[in-house]
Amino acid sequence: MSSEPPPGSGEQPPEDDPFRKRPPSDQGSGSPYDTPYGGAQQPPPPGGGQQPPPYGGQQPPPYGGGPYGGSPYGAGAGGYPADPLAGMPPLADSGKRTIARIFDLILVGIVVWLLTWAFGVREYTVDGDRIEVSKSIAQSLIAAVLYIAYDTVMMSRSGQTLGKKLFNLRVANLDNGATPSVQTMLVRSLVLWVPFAFCCACIWTAICGGWSYFDKPYKQGLHDKAAKTVVVSTR
């Protein structure tokens, strides 16, 4: 399935971010015969005549052509749109992402279970014919807060949770490769964990994360698409 490339976030990563993509080296040679499209035009013919204009005097076709026009990423080398993954490590394997996510689920799930036990909260506690819905909501709320806080705090610092560190993975901004901001990670975490905690649980996690197995070209889950992030390998 194709993924619509997102526009840049407009925020520049700090210079000391070790994962920040570096600008490419100068592409042009400085020759007076260089053209805006990266090629070289012929020098003027003898006798002072003029070269015929390229493309028969018409504007060159936009990159990619078709009804969708050009690229939102701006120009790269030779005037062509830049690849947002240029300069980044390779995209992470979706299988490793799944294993790392299961590790984090178990880790935070233990804390959720301990807290719900300490507060006497159990989901769908049945007393005769009565189901204590308030306790169900309380447990879901505890789970949502803990999972969202865990992902947001950990990955806004280094792009990694404990599971991602263990499996050498990292979350990065698609547009510049930097560690995502707190706001970016909050969006990503809300999309993943709110439906998980309050309605769809493992079904939503499987759909949201499993999207990366089929997504092209960036292997993004639905939460990645919402936050404009990708997951890359650190080695």
When residue 163 is evaluated against the numbered criteria (1) touching a Leu at 6+ places or on another chain (Cβ under 8 Å); (2) more than 18 Å from residue 93 (Cβ to Cβ); (3) modelled with pLDDT of 95 or more; (4) not hydroxyl-bearing (Ser, Thr, Tyr), which criterion, by number, is the only one it fails?
-> (2)
Pairs returned, first residue in region 132-155 that is within 11 Å of residue 192 (Cβ to Cβ) and open to solvent by 50 Å² or more (accessible area, probe 1.4 Å), second residue that is at pLDDT 90 or above and of a type in the set (A, V, I, L, M), beta-carbon separation under 6 angstrom, 6 or more apart or interchain, are none
When region 173-196 is checked residue by residue, the ones that are touching a residue at least 12 places away in the same chain (Cβ under 8 Å) and either of a type in the set (S, T, N, Q) or closer than 11 Å to residue 228 by Cβ (or both) are 173, 174, 175, 176, 179, 180, 181, 184, 187, 188, 189
Quick one: residue 214 ticks every box in (1) touching a residue at least 24 places away in the same chain (Cβ under 8 Å); (2) among the aromatic types (Phe, Trp, Tyr); (3) surrounded by 15 or more Cβ atoms within 10 Å (Cβ to Cβ) except a single one, so which number is it?
-> (3)
Please identify the pairs in which a residue from region 90-110 that is in contact (Cβ under 8 Å) with a residue 60 or more places away in the chain has its Cβ atom under 7 Å from the Cβ atom of a residue that is open to solvent by 70 Å² or more (accessible area, probe 1.4 Å) and hydroxyl-bearing (Ser, Thr, Tyr), counting only partners at least 6 apart or on another chain.
-> 94/213
From the residues in region 209-234 that are part of a loop (DSSP other than H, G, I, E, B) and either of a type in the set (Phe, Trp, Tyr) or closer than 16 Å to residue 178 by Cα (or both), which one is nearest to the chain's Cα centre (by Cα)?
-> 228
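The values are calculated or read from the model by the stated rules, or taken from the named source; none is laboratory data. What you see is a predicted model, and the numbers here were worked out from it, not measured in a lab. Cβ: placed from backbone, ideal geometry, glycine included. Neighbour counts: every protein chain shown. Accessible surface areas use protein heavy atoms only, side chains included; no ligands, DNA or RNA. Shrake-Rupley method; radii C 1.70, N 1.55, O 1.52, S 1.80 Å.
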